[in-house]
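S.K.: Structure provided below as structure tokens; questions to follow.
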Amino acid sequence: MQTRYWFDRGTAQEHASGSGQYTSSSPTRHATWHKALQTVAFTGALCLMLSACSAPRIDGRAESEQQPSACETAYYAAESNTSVMATDSGAPMLMRFFAAQSATQQWVDVAGYCAHRFAEGTLRSAQAEYTASILGNKLDITPASRASSLEGITALHADADALGGMAVAEDRAGFVIEVLAARKVDGASLALSDDHKTAGQLLFSLSKASKDPRSKVYDVRGILAHPDTMTDSATGLSARTVAVAEITCAREELSAMTAETSENTADSDAADRTHTDSVDTAASSADTSASSTDTSLGATTAAANTQRSKTLRTLSDLVASRISLAFTYGYPAFDHALFS
């Protein structure tokens, strides 16, 4: 006779003979399986509920957050080459020279892409350029020149007050250098004076301001009293007067741009929050329309950011060239003299 199996009841023969009675463990095991099935079903339902309630994924967001920004890329590259060009890096002199040349432009990129690091990027760029100049002299190599002229620039995407402040700084420096050139001070020339005054004129024109903030004539009693060397009132360091004139010009320009970039960064953050809120609201009622609007605004913002970073790089090059000139005339290039 074929043997048939029942769940926890023994064989058919055992059941017929009375030996297949329910044991005390049979109902317990059945109940356990029943509870396990209930748990699996509950867990599955819960997962579906949580999945339905989770925030929608924004296409490309995770991918973009994994990519370094233009600011981060420029900063990491500049820091890397600055480490290589350092005296204690242990790198060969030629390698340090090329690292300094690269860092010169990379720090300008930092000033352009990281608005809150405009002053730092500009100062570091000048330090790197000065280092390249020193190493180049030792290696008998002429470093690449910096494009610092505003000639040919048709527009600057910066605040009119900031550009006006820079125009005054350049105009004042031009007047001071002119006075020193008349005194036959070494390093001061009418050509350098004209360069400053031309930059001041171009900055004012590009600011599109209705009123010219330049005075053209400035108080130079301190310069006349100390035409050769003087104490920099900002740091207490003594240096050649022509060097102090250049670093003072750069310091005033950095002050004007730092105030401008801080204000624009705050405005940009507020605009981003407003834009995000508007997109979120629109998305709840019309996803397709919101997506189209977001794409259009994103393209406009990207174009504006490109123009803005280009402006900051142009202005950074100009200011850094003044700082580099101050270094050439003997102004200290160490951090305490610049970042204090």
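The values are calculated or read from the model by the stated rules, or taken from the named source; none is laboratory data. Predicted, not measured: the structure shown is a model, and the values here were computed from it. Note that we place each Cβ from the backbone using ideal geometry, even for glycine, and neighbour counts take in every protein chain shown.
S.K.: Which one of these is loosely packed, with under 13 Cβ neighbours inside 10 Å and modelled with pLDDT of 90 or more: Phe334, Phe339, Phe327?
M.R.: Unique residue meeting the criteria: Phe334.
S.K.: Going residue by residue through segment 64-81, is there one that turns out to be closer than 21 Å to Ala326 by Cβ and of a type in the set (Ser, Thr, Tyr)?
M.R.: The answer is no, given that none of the residues of segment 64-81 is closer than 21 Å to Ala326 by Cβ and of a type in the set (Ser, Thr, Tyr).
S.K.: Kindly indicate which of Leu190, Leu206 is modelled with pLDDT of 95 or more, among the hydrophobic types (A, V, I, L, M, F, W, C) and closer than 20 Å to Met166 by Cβ.
M.R.: Answer to the check: Leu206.
S.K.: Just the residues that are free of Cβ contacts under 8 Å to residues at least 40 places away in the same chain, closer than 18 Å to Phe327 by Cα and outside any helix (DSSP H, G or I), please, taken from segment 189-231.
M.R.: Those that are free of Cβ contacts under 8 Å to residues at least 40 places away in the same chain, closer than 18 Å to Phe327 by Cα and outside any helix (DSSP H, G or I): Ser189, Thr229, Met230, Thr231.
S.K.: Would you say Ser215 is more than 26 Å from Asp335 (Cα to Cα) and not β-branched (Val, Ile, Thr)? Give the steps one after another, and end with the answer.
M.R.: On the way: more than 26 Å from Asp335 (Cα to Cα): yes; not β-branched (Val, Ile, Thr): yes.
In short, yes.
S.K.: Additional query: Taking segment 232-242, which residues are within 33 Å of the chain's Cα centre (by Cα) and either on the phi > 0 side of the Ramachandran plot or part of a helix (DSSP H, G or I) (or both)?
M.R.: Gly236, Val242 - these are the residues of segment 232-242 that are within 33 Å of the chain's Cα centre (by Cα) and either on the phi > 0 side of the Ramachandran plot or part of a helix (DSSP H, G or I) (or both).
S.K.: Is it the case, given these coordinates, that Ala245 is in contact (Cβ under 8 Å) with a residue 40 or more places away in the chain, buried (at least 19 other Cβ atoms within 10 Å of the Cβ), assigned to a loop (DSSP other than H, G, I, E, B) and not β-branched (Val, Ile, Thr)?
M.R.: no
S.K.: Let me ask another. Please identify the pairs in which a residue from segment 163-180 that is without any contact (Cβ under 8 Å) to a residue 40 or more places away in the chain has its Cβ atom under 9 Å from the Cβ atom of a residue that is assigned to a helix (DSSP H, G or I) and basic (Lys, Arg), counting only partners at least 6 apart or on another chain.
M.R.: Between residues of segment 163-180 that are without any contact (Cβ under 8 Å) to a residue 40 or more places away in the chain and residues that are assigned to a helix (DSSP H, G or I) and basic (Lys, Arg), the close pairs are Gly174/Lys197; Glu178/Lys197.
S.K.: Let me ask you something else. Go over the candidates Glu72, Glu120, Glu65 one by one and state the one that is closer than 30 Å to Glu260 by Cβ and either modelled with pLDDT under 95 or exposed (fewer than 10 other Cβ atoms within 10 Å of the Cβ) (or both).
M.R.: Glu65
S.K.: Taking segment 297-324, which residues are modelled with pLDDT of 90 or more, of a type outside the set (Val, Ile, Thr) and farther than 14 Å from Ala250 by Cα?
M.R.: Gln307, Arg308, Ser309, Lys310, Leu312, Arg313
S.K.: Please count how many residues of segment 136-171 are assigned to a helix (DSSP H, G or I), among the charged types (D, E, K, R) and not assigned by TED's automatic domain parsing to the domain that holds Ala119. Lay out the reasoning, then the answer.
M.R.: Kept after step one, since they are assigned to a helix (DSSP H, G or I), are these residues of segment 136-171: 136-139, 160-171.
With the extra rule that they be among the charged types (D, E, K, R), the set shrinks to 138, 161, 170-171.
Applying the additional criterion that residues be not assigned by TED's automatic domain parsing to the domain that holds Ala119 yields 161, 170-171.
Count: 3.
S.K.: Output the residues belonging to segment 172-188 that are of a type in the set (A, V, I, L, M) and part of a helix (DSSP H, G or I). Show your work before the answer.
M.R.: Restricting attention to segment 172-188, the residues satisfying the condition of being of a type in the set (A, V, I, L, M) are 173, 176-177, 179-182, 185, 188.
Selection gives Ala173, Val176, Ile177, Val179, Leu180, Ala181, Ala182.
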